[in-house]
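**Q** What follows is a structure written as structure tokens; I'll ask about it next.
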């Protein structure tokens, strides 16, 4: 009479390690800038209003973002994220919270003129 197959500890370990890897392989990556919805980008940009003013239009000593060249904004935000902007105060730390798609979307959003 054959003995029933009992999984060995090594088999359980292999299974335990394989399941998270399979789940990670199916995890979606960050959306491209073009797939972020306008409302999503507006919500992201809302945090910038604390210093850069509503809609990115500053009334003080902080630079205005609205209507600036998109490629310039993108370069600046990428420099902040990479800690390459020597003139930055807090932006180097703030940009760490955004992924590349969000940074691209924010640069595009702020480069547009305000709609009346």
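The values are calculated or read from the model by the stated rules, or taken from the named source; none is laboratory data. Since the structure is predicted, the reported quantities are computational estimates derived from the model, not experimental observations. Because the Cβ atoms are built from the backbone with ideal geometry, glycine has one as well, and the counts that use them run over all protein chains shown.
**Q** Answer yes if at least one residue in region 57-64 is within 19 Å of the chain's Cα centre (by Cα) and closer than 23 Å to residue 40 by Cβ, and no otherwise.
**A** No: zero hits.
**Q** Quick one: would you say residue 75 is modelled with pLDDT under 95, surrounded by 13 or more Cβ atoms within 10 Å (Cβ to Cβ) and under 16 Å from residue 111 (Cβ atoms)?
**A** Criteria not met by residue 75.
**Q** Please enumerate the residues belonging to region 59-72 that are closer than 15 Å to residue 105 by Cβ and assigned to a helix (DSSP H, G or I).
**A** Of everything in region 59-72, those that are closer than 15 Å to residue 105 by Cβ and assigned to a helix (DSSP H, G or I) turn out to be 70, 71.
**Q** Here's another thing I want to ask about it. Please tell me if residue 75 is assigned to a helix (DSSP H, G or I), without any contact (Cβ under 8 Å) to a residue 60 or more places away in the chain and in contact with a helix residue (DSSP H, G or I) (Cβ under 9 Å, 6 or more places away or on another chain).
**A** Judged against the criteria, residue 75 is a match.
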